[in-house]
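Following: one structure in structure tokens, then a few remarks.
The values are calculated or read from the model by the stated rules, or taken from the named source; none is laboratory data. A quick note: this is a predicted structure, and the numbers were derived from the prediction, not measured. Please note: Cβ atoms are built from the backbone with ideal geometry, for glycine as well, and neighbour counts cover all protein chains shown.
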Amino acid sequence: MVPNLGRLASKIMTDHRRSGKELTQQQAMKMAWQTRDRMIFEMSAPLSPSAAAAGAGGSHRVLYGQSVGFVDYYDVTNWQIYDGGDSSVDLSGAPDEVTLYGSNDDSGQGLVVRIDFTIASQGDGIVSFDWHYSTDDEDPEYDMLQFLLNDTVTDLTYHEGPHIHNGTFSAPVKAGDVFGFRINPTDNCCGGAMATISAFSAPKIITP
């Protein structure tokens, strides 16, 4: 049985901490993904003769397809959630959509009150999704919706723009890349923001 990715990452972090080595969440998720991918690969049936012949010397090779919706490997239970302040994520719309709510508890600026919803990519390919955003703050720049890819942060919403807007986004990823979504309240007051992610699609392993 293949373990839950989040629990596996937590176990890896605990094991390393006991040995005196601290891991970041991103490092643990990458290691968890590699372990889980290896288990899936070892459990899979051999390739058909025609597929094996296409590989080097008839050896096994991992085939990637596209997962649609928050299902299977990308089930919402496998994602990591960081919710600072009074931020939260609503998973009740899964597998069709998830909704992020940014913090607005007026507990002070400079605190880490963002909401992050992240996972490691199961394969090489394209991550794509639609997003719908709204905020009660003065401008979206105080509660930006962002796409995360490893150490890169991409703003999806306009700094000075409408209080309600939407769009479609896509980005290439490699297996093991940690990606996801963030609402980042820089003032943590004066009106919060929410964003719904739908039409989600990401690379997956196709078991032969």
Selected residue [surrounded by fewer than 21 Cβ atoms within 10 Å (Cβ to Cβ) and under 15 Å from the mean Cα position of the chain (by Cα)] from Ile119, Ile164, Ile115, Ile126: Ile126
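Looking at Thr24, Thr14, Thr35, which one is farther than 30 Å from Cys189 by Cβ, at pLDDT 75 or above, outside the structural domain of Arg182 (by TED's automatic domain parsing) and of a type in the set (Val, Ile, Thr)?
On the way: Thr24 fails: farther than 30 Å from Cys189 by Cβ; Thr35 fails: at pLDDT 75 or above.
The conditions single out Thr14.
Within segment 9-23, how many residues turn out to be part of a helix (DSSP H, G or I) and more than 22 Å from the chain's Cα centre (by Cα)?
Initially, segment 9-23 is screened for residues part of a helix (DSSP H, G or I), giving 9-18.
Remaining after also requiring more than 22 Å from the chain's Cα centre (by Cα): 15-18.
So the count comes out to 4.
Quick one: count up the residues across segment 146-194 that are acidic (Asp, Glu) and either outside the structural domain of Leu91 (by TED's automatic domain parsing) or not in a loop (DSSP other than H, G, I, E, B) (or both). Lay out the reasoning, then the answer.
Pass one, segment 146-194, residues acidic (Asp, Glu): 151, 155, 160, 177, 187.
Subsequent filtering for residues that are either outside the structural domain of Leu91 (by TED's automatic domain parsing) or not in a loop (DSSP other than H, G, I, E, B) (or both) retains 155.
Total meeting the criteria: 1.
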